[in-house]
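Below: the structure, in structure tokens.
The values are calculated or read from the model by the stated rules, or taken from the named source; none is laboratory data. Nothing here was measured: the structure is a model prediction, and the numbers come from that model. All Cβ positions, glycine included, derive from the backbone under ideal geometry; neighbour counts span all protein chains shown. We work out accessible area using only protein heavy atoms, side chains counted, and drop any ligands, DNA or RNA first. Shrake-Rupley method; radii C 1.70, N 1.55, O 1.52, S 1.80 Å.
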Amino acid sequence: MWTLVGIIIGSTIGSGIFALPQNIASVAGPGAMLIGWIIAGVGMLSVAFVFQILAHRKPFLDSGVYSYVRAGLGDYIGFTAGWGYWLGSVIAQVGYATLFFSTLGFYLPIFNSEHRWQQAAAVSVLTWVIFAVLAKGIKQAKVMNAVTTIAKLVPIMAFIVLVLFLGFSWNTFTFDFWGEGSGLSVMEQVQGIMLFTVWVFIGVEGASVYSKQAETRSDVGRATVVGFATVLVLLVTVATLSFGVLSQEELAALPDNSMAGVLEAVVGPWGGALISIGLCLSVLGAYVSWQMLCAEPIAMMAFDGLLPRKIGAISSAGAPWLAQLISTIVIQICVVIFYINETTYVSMVQLATVLYLLPYIFSAFYLILLATRGRGITHPHAGKAFNDSGPEISAPDNRRHLAVGLIAFVYSLWLIYAADPKYVLLGALAVVPGLVPYVWTRLSRKEKIFNTFEWCVVVIIVLAAGYAVLGLQNGSVTL
């Protein structure tokens, strides 16, 4: 269980917590921030509980987060959720590495933002080095993840202690508490920080992704809740303390590694250096965790027959090497695309977050279906995983599960609404290429490609993708 908890913390506490003070201050004051954390805490806790409950109710669905969507809404919707989750992980990798080398560039100018192609080359080298480690098996990656998880928590804890006792000022924290100087209403500020709060929670479902390899299904649920609680406390503490050191305007003017700027304001340059070291370790750990997670969705979909079976091939070292190779190649392509377009770290964050929301929304909807009708809308294949009812659920538990599912579903939909529409369109464009391997696999297996409901979904996705292409051509949509 503690390995699963480590994966959750390792993949969740990545670059986001170090950029959090600037990200939030760019759109919200302290009061709106606290409201946002309450909403995000309840919403993401409900998402975490969705995966915990589904792990208990459907113990035979052990192919990660996408398997719940597939069971509830059919093959293609399940595939789309898995594909979106995979691409979100790929884009997150590029964002992590960009922030890593931007921070390193403060000390080694060859890697700063003025040398973008040197950055791109360094990101590429790091990506392929991590691939070489992962190809040797999960044990080596697990050890690396454990070491970096412990190492990055030390500077974060040092930040909390030093700022709390040496730098926090109640007067600074309460000055312009509701962010009136920003010219935005409180609800506009809350809406503005939503995707940032989701981004720093991405990874809370990491235990579910590895559910097939867990010793027991109960470990998956327990690890999800323990990991979530730990991450929530760290995130809220760092964000709140930062507003007690610098004003909203000062925080908003900090670079991406804004946590370093806050501690430097408290104890001097050595504080900024300490946090920068922590960020590099943190991002390196998250990079390893997410490159592990990257391969899992497409490997599991290949194992389940939604992609060519060879993609899920396991090496003698126990690693899905071909899935990892494909993921690494796509990461490399994204590096080139993003660096050519000078895509910012924030843009990568927002696009990745929209793609991650797909399995969140549909998994919550599946739990609603289970609590109300006992099964999903469609079961594409007769088999134990889909037809087994799992443990018997009492009426009170069903009502509790329904409440959790509804909260998670409404919260996830609201996040899509709160997102910049261009990222929703770009997300649709990113999903379209998945049609090629999916259709090819269905034809090769002589199975029906889409049912009526799935055809409707495909049409909507293609239309949105077409609109995104037109926007990219006329400049109304940008990366």
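Remark: spin-label model distance Tyr467-Glu215 equals 5.0 nm, labels positioned 7 Å along the Cα→Cβ axis.
Top to bottom by accessible area (1.4 Å), largest first, where do His401, His56, His115 land? Intermediate results must be reported in sequence, preceding the final value.
Working: His401 5, His56 100, His115 60 Å².
Heavy-atom accessible area, descending, gives His56, His115, His401.
Think of the chain as having a plus end and a minus end, set by charges on the Cβ of Lys, Arg, Asp and Glu; of Thr174, Leu284, Val5, Val5 sits farthest toward the positive end of this dipole.
How do Tyr68, Tyr467 rank by accessible surface area computed with a 1.4 Å probe, from largest to smallest? Numbers along the way, then the final one.
On the way: Tyr68 0, Tyr467 145 Å².
Of Tyr68, Tyr467, the descending order of accessible area is Tyr467, Tyr68.
Taking the C-alpha atoms only, the angle from helix 258-267 to the longest principal axis of the chain is near 30 degrees.
Shown in residue order for region 225-239 are the 3J(HN,Hα) couplings computed by the Karplus curve 6.51 cos²θ - 1.76 cosθ + 1.60 at θ = phi - 60°: 6, 4, x, 4, 4, 4, 5, 4, 4, 5, 5, 5, 5, 4, 5 Hz (x for Gly and Pro). For Thr452, the solvent-accessible surface computed with a 1.4 Å probe is close to 110 Å², ligands and nucleic acids excluded.
The phi torsions of region 167-172, fed into the Karplus equation with coefficients 6.51, -1.76 and 1.60 and a -60° offset, translate into couplings of x, 6, 10, 5, 5, 5 Hz, rounded to whole numbers, with Gly and Pro shown as x. So how tilted is helix 421-431 from the main axis of the chain? Cα-based, degrees 0 to 90, rounded to 10. The angle comes out at about 40 degrees. Exposed loop sites here are GluC sites (Glu not before Pro) assigned a DSSP state other than H, G, I, E or B and surrounded by at most 14 other beta carbons within 10 Å; excluding them, the longest clear run of the chain is 216-341. The slack between Phe165 and His115, meaning 0.36 nm per residue of separation minus the straight C-alpha distance, is 14.1 nm. Determine the shape class of region 1-418: with a ≥ b ≥ c the square roots of the Cα gyration tensor eigenvalues, call it rounded for a/c under 1.5, and otherwise prolate if a/b is greater than b/c, oblate otherwise. Oblate, since a/c reaches 1.5 and b/c is not below a/b.
Calculated FRET efficiency, Val233 to Glu392, Cβ-Cβ distance, R0 = 25 Å: about 0.10 to the nearest 0.05.
Within the set Lys58/Lys136; Lys58/Lys446; Lys310/Lys448, which residue pairs have Cα atoms separated by over 30 Å? Don't skip to the end; give the middle numbers.
Working: Lys58/Lys136 32 Å; Lys58/Lys446 28 Å; Lys310/Lys448 21 Å.
Violating the 30 Å Cα-Cα cut-off are Lys58/Lys136.
Taking K and R as +1 and D and E as -1, what net charge do the other residues with C-beta under 13 Å from the C-beta of Val283 add up to?
Numbers: positive: Lys152; negative: Asp256.
It works out to a net charge of 0.
Counting only aspartates and glutamates at least 8 places from Lys152 when in the same chain, those with an alpha carbon closer than 20 Å to its own are Asp256, Glu264. Protein heavy-atom accessible surface, 1.4 Å probe, per residue over the chain: 39 Å². Computed 3J(HN,Hα) for region 91-98, one whole-Hz value per residue from the Karplus formula 6.51 cos²θ - 1.76 cosθ + 1.60 where θ = phi - 60°, is 5, 4, 4, 5, x, 4, 5, 4, glycine and proline marked x. Between Ser444 and Ala132, full extension at 0.36 nm per residue minus the direct alpha carbon distance yields a gain of 109.1 nm. Summed over qualifying helices (DSSP H, 4 residues or more, each -39500 (n - 2.57)) and divided by its residue number, the chain shows a 222 nm mean residue ellipticity of -24500 deg cm²/dmol.
Ligands, DNA and RNA excluded, the heavy atoms of Arg116 present near 60 Å² of accessible surface to a 1.4 Å solvent probe. Between the helical axis of 2-12 and the longest alpha-carbon principal axis of the chain there is an angle of about 60 degrees. Over region 1-43, the fraction of Cα-Cα pairs per 5 Å bin, rounded to whole percents and listed from the shortest bin up, is 6, 19, 17, 22, 18, 10, 6, 2. The share of accessible area on the chain that comes from carbon and sulfur is 69 percent, using a 1.4 angstrom probe.
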